[in-house]
Amino acid sequence: MPGPDGPREVRLSSPDKIYFPERGITKRDVVTYYAAVAEPLLRVLYERPTNLKRYVDGVEGEAFYVKRIPKGAPPYAQTATVTSPSGRTAQSLCPTEQAVLVWAANLGTFDFHPWPVRRADPDRPDELRIDLDPQPGTDFADAVAVAAVLREVLDEAGLVGWPKTSGGRGIHVAVRIRPEWSFVDVRHAVIAIGRRVAERIPARATVAWWKEERGERVFLDYNQAARDRTIASAWSVRGRPRATVSMPLTWETLPDVTPEDFDVRTVPGLFAEHGDPHAGLDGAVSGIETVLEWYDRSGLGDLPYPPEYPKMAGEPMRVQPSRARK
């Protein structure tokens, strides 16, 4: 693999191990895939604390997250210090060159889960992320419809969104922002954006945290913007039988694709032919002042955090509505 001082050699072990039995995709295929897309993937992960989702026994085995740099990492695998909601710190893998991506793939990594921060300022996100999560009774086409309204809302706020498939039924949208706000501020911004989308198409979109209130709608998962929460990066292989990939797209192509169009075997050719649809993401930097004004003017306040988080200032009760004391 290309390195800062010349080529790096990365050892591949057990290359014929089957990772995706349904399609006969081997470990060699997955590692070769990551070598082919290492250039755009490194742009996504560069100097970001990154969790690894490893499938050492393939897609049919048990997956686990690695939030600290694994033992035995090569000397070129750099780290960043991150702080969890509990206040504990950890040394997280922080990719700075292509070889470390292939090394991680050789460990059985399918998904790379970067934090929305850079190593230089790990407490101030430079990326606002919106996760469109279809609920039971909805599918990718519903997420595409909601994404179209989301794009309108982002335009009104002066924000530039960059969509990608999640690798499953959902859609992720990234917005590059100036690293001037806290995790709490960015989460409030996502809540404000989600509420505005849901107000426009209440039959199709929701920000309801409790599943019993969501119905057959697309959930805008605002808690993916909370500290320590991550989503699979663009170009990540997902742990699904078809070895689908979380594929970066343009708004124009989004309505004409399906998640199954993008997998370990198809994406390298698409990248070679068309390049990186998100190549301009880092150059489209915005601020979230407008959406924070929306949040404040709404008077609706905060929404619940995930159950493992400490109680946050201004947060409503974390009680399922059907169990709340009347």
Looking across segment 139-161 at residues that are in contact with a Lys or Arg (Cβ under 8 Å, 6 or more places away or on another chain) and within 17 Å of Asp282 (Cα to Cα), the single one that is surrounded by the most Cβ atoms within 10 Å (Cβ to Cβ) is Gly161
Among residues of segment 71-88 being over 19 Å from the mean Cα position of the chain (by Cα) and closer than 16 Å to Pro114 by Cα, the residue surrounded by the most Cβ atoms within 10 Å (Cβ to Cβ) is Ala77
Within segment 220-233, of all residues that are in contact with a strand residue (DSSP E or B) (Cβ under 7 Å, 6 or more places away or on another chain) and closer than 25 Å to Ser322 by Cβ, the one most open to solvent (accessible area, probe 1.4 Å) is Gln224
Flagged pairs (Cβ under 9 angstrom, 6 or more apart or on separate chains; first in segment 97-111, farther than 21 Å from Gly61 by Cα; second among the polar types (S, T, N, Q)) are Glu97/Gln78; Val100/Gln78; Leu101/Thr109
Note on segment 89-107: residues over 19 Å from the mean Cα position of the chain (by Cα) and not β-branched (Val, Ile, Thr) are Ala90, Gln91, Glu97, Gln98, Ala99, Trp103, Asn106, Leu107
So, first residue closer than 20 Å to Gly58 by Cα in segment 261-277, second residue part of a helix (DSSP H, G or I) and not aromatic (Phe, Trp, Tyr), Cβ within less than 9 Å, six or more apart or across chains; the pairs are Phe262/Leu270; Val264/Asp29; Val264/Val30; Val264/Thr32; Arg265/Asp29; Val267/Ala36
Picked from segment 117-137 (must be in a loop (DSSP other than H, G, I, E, B) and open to solvent by less than 10 Å² (accessible area, probe 1.4 Å)), the residue farthest from Arg187 (Cα to Cα) is Val117
The correct count of residues that are crowded, with 18+ Cβ neighbours inside 10 Å and of a type in the set (A, V, I, L, M, F, W, C) in segment 43-65 is 4
* **Filter result for Lys53 (over 21 Å from Ala73 (Cα atoms) and basic (Lys, Arg))** => no
Residues of segment 203-214 being open to solvent by less than 30 Å² (accessible area, probe 1.4 Å) and outside any loop (DSSP other than H, G, I, E, B), in sequence order, are Ala205, Thr206, Arg214
Requiring at least 2 residues that are within 30 Å of Arg124 (Cβ to Cβ), free of Cβ contacts under 8 Å to residues at least 40 places away in the same chain and not aliphatic (A, V, I, L, M), the strands (runs of 3 or more DSSP E) wholly within segment 1-96 are 89-93
Checked Arg169, Arg178, Arg217, Arg200 against criteria (touching a residue at least 24 places away in the same chain (Cβ under 8 Å), basic (Lys, Arg), surrounded by fewer than 24 Cβ atoms within 10 Å (Cβ to Cβ) and under 23 Å from Ala120 (Cα atoms)); the one match is Arg178
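The values are calculated or read from the model by the stated rules, or taken from the named source; none is laboratory data. Quick caveat, the model's predicted, so the values are computed rather than measured. For neighbour counting, all protein chains shown are included, and Cβ atoms are generated from backbone atoms with ideal geometry for every residue, glycine included. When the accessible area is computed, the model is the full protein with side chains, heavy atoms only, and any ligands, DNA or RNA have been set aside. Shrake-Rupley method; radii C 1.70, N 1.55, O 1.52, S 1.80 Å.
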